[in-house]
Amino acid sequence: MKKSWIILIVVLLLALIIYSSVKRTYNRMVLLSENVTKQWANVENVYQRRLDLIPNLVSTVKGYADFEKETLTQVIEARSKATSTTIDPNNLTAENLQQFQAMQGALSSALSRLLVVVERYPELKANQNFLELQAQLEGAENRISVERRKFNETAQAYNTYIKMFPKNIYASIFNFEEKAYFTADEEASEAPVVEF
């Protein structure tokens with residue numbers, strides 16, 4: 001009789017230890033996953049801020065009759081494509097993130113071309129509205145860079161946690177999947193050509 005009580009107590013203690021371990025690990029994975037989702041919302045927020053600035057920038061630039069219409073059209077089209085690409089934070093796969101980055105990169109490229117063309121218009125460069133919008137756009141680009149870095153750090157913490165043993169077993173059981181990272185644009189790996 002005494003032996004069966006000891007076995008029962010040992011089994012209950014083991015069950016309690018296993019339950020506690022699974023609960024603690026599962027809750028930590030949920031917390032880290034939610035942190036990634038929150039940080040993704042921050043990334044989307046700063047991209048949206050940039051998107052909101054573009055119509056004002058375009059209207060300010062449109063006021064100059066001889067301004068290149070093709071450049072404005074490219075910016076408007078790139079903005080439209082960028083707003084149509086959204087990602088569900090629960091599905092942050094490398095492919096989805098790459099598609100999102102491509103659309104945002106096309107918008108950045110169109111904006112860069114717009115700002116280069118503006119250099120030819122001294123009266124536009126002196127326009128106070130344009131200068132303010134340009135400063136806000138530069139601030140938005142800086143915030144995007146900061147939030148992308150923070151997102152990668154948050155995703156790394158989550159990915160590292162779910163890959164560690166024995167947490168990787170629990171992650172597999174509860175379907176916690178690895179989150180993708182922002183990567184540098186392909187053009188970033190090529191050194192710019194400078195000619196004098």
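The values are calculated or read from the model by the stated rules, or taken from the named source; none is laboratory data. On a predicted model such as this, the values are computed, not experimentally measured, just so you know. Please note: Cβ atoms are built from the backbone with ideal geometry, for glycine as well, and neighbour counts cover all protein chains shown.
Please go through the stretch 125-142 and pick out each residue that is surrounded by fewer than 17 Cβ atoms within 10 Å (Cβ to Cβ) and in contact (Cβ under 8 Å) with a residue 60 or more places away in the chain. Once the filter is applied, which keeps residues that are surrounded by fewer than 17 Cβ atoms within 10 Å (Cβ to Cβ) and in contact (Cβ under 8 Å) with a residue 60 or more places away in the chain, the stretch 125-142 yields N129, Q136, E141. For the stretch 119-170, name all the residues that are among the hydrophobic types (A, V, I, L, M, F, W, C) and touching a Phe, Trp or Tyr at 6+ places or on another chain (Cβ under 7 Å). Correct list: L124, I144, F151, A155, I162.
So, in the stretch 23-51, how many residues would count as being within 18 Å of S145 (Cβ to Cβ) and not polar (S, T, N, Q)?
Step one: list which residues in the stretch 23-51 are within 18 Å of S145 (Cβ to Cβ), which gives 39-51.
Among the residues that remain, those that are also not polar (S, T, N, Q) are: 40-41, 43-44, 46-47, 49-51.
Counting residues in the stretch 23-51 that are within 18 Å of S145 (Cβ to Cβ) and not polar (S, T, N, Q) gives 9.
Filtering the stretch 108-124 to residues that are in a helix (DSSP H, G or I) and touching a residue at least 40 places away in the same chain (Cβ under 8 Å) leaves L111, R113, L114, V117, V118, E123, L124.
The numbered conditions (1) under 17 Å from K38 (Cα atoms); (2) among the small types (G, A, S); (3) surrounded by 13 or more Cβ atoms within 10 Å (Cβ to Cβ) are all true for S145 except (3). Among the residues of the stretch 1-36, those identified as surrounded by fewer than 15 Cβ atoms within 10 Å (Cβ to Cβ), closer than 23 Å to K167 by Cα and either in contact with a strand residue (DSSP E or B) (Cβ under 9 Å, 6 or more places away or on another chain) or hydroxyl-bearing (S, T, Y) (or both) are Y19, S20, S21. Consider the stretch 72-100 and keep the residues that are in a helix (DSSP H, G or I) and crowded, with 18+ Cβ neighbours inside 10 Å. The one that is modelled with the lowest pLDDT is L72.
If I filter the stretch 125-146 down to residues being among the aliphatic types (A, V, I, L, M) and assigned to a helix (DSSP H, G or I), which single residue comes out as farthest from T83 (Cα to Cα)?
Within the stretch 125-146, the subset among the aliphatic types (A, V, I, L, M) is 126, 131, 133, 135, 137, 140, 144, 146.
In the following step, the residues that additionally are assigned to a helix (DSSP H, G or I) were identified as 131, 133, 135, 137, 140, 144, 146.
Details: L131: 25, L133: 20, A135: 22, L137: 17, A140: 16, I144: 15, V146: 21 Å.
My answer is L131.
Given the criteria surrounded by 13 or more Cβ atoms within 10 Å (Cβ to Cβ) and modelled with pLDDT under 80, does Y121 qualify?
On the way: surrounded by 13 or more Cβ atoms within 10 Å (Cβ to Cβ): yes; modelled with pLDDT under 80: yes.
Yes: the conditions hold for Y121.
Scanning the stretch 160-180 for residues that are modelled with pLDDT under 95, outside any loop (DSSP other than H, G, I, E, B) and polar (S, T, N, Q) yields a total of 2. It is to be established whether one or more residues within the stretch 46-62 are over 21 Å from A155 (Cβ atoms), touching a residue at least 40 places away in the same chain (Cβ under 8 Å) and not in a helix (DSSP H, G or I). No, the conditions are met nowhere in the stretch 46-62.
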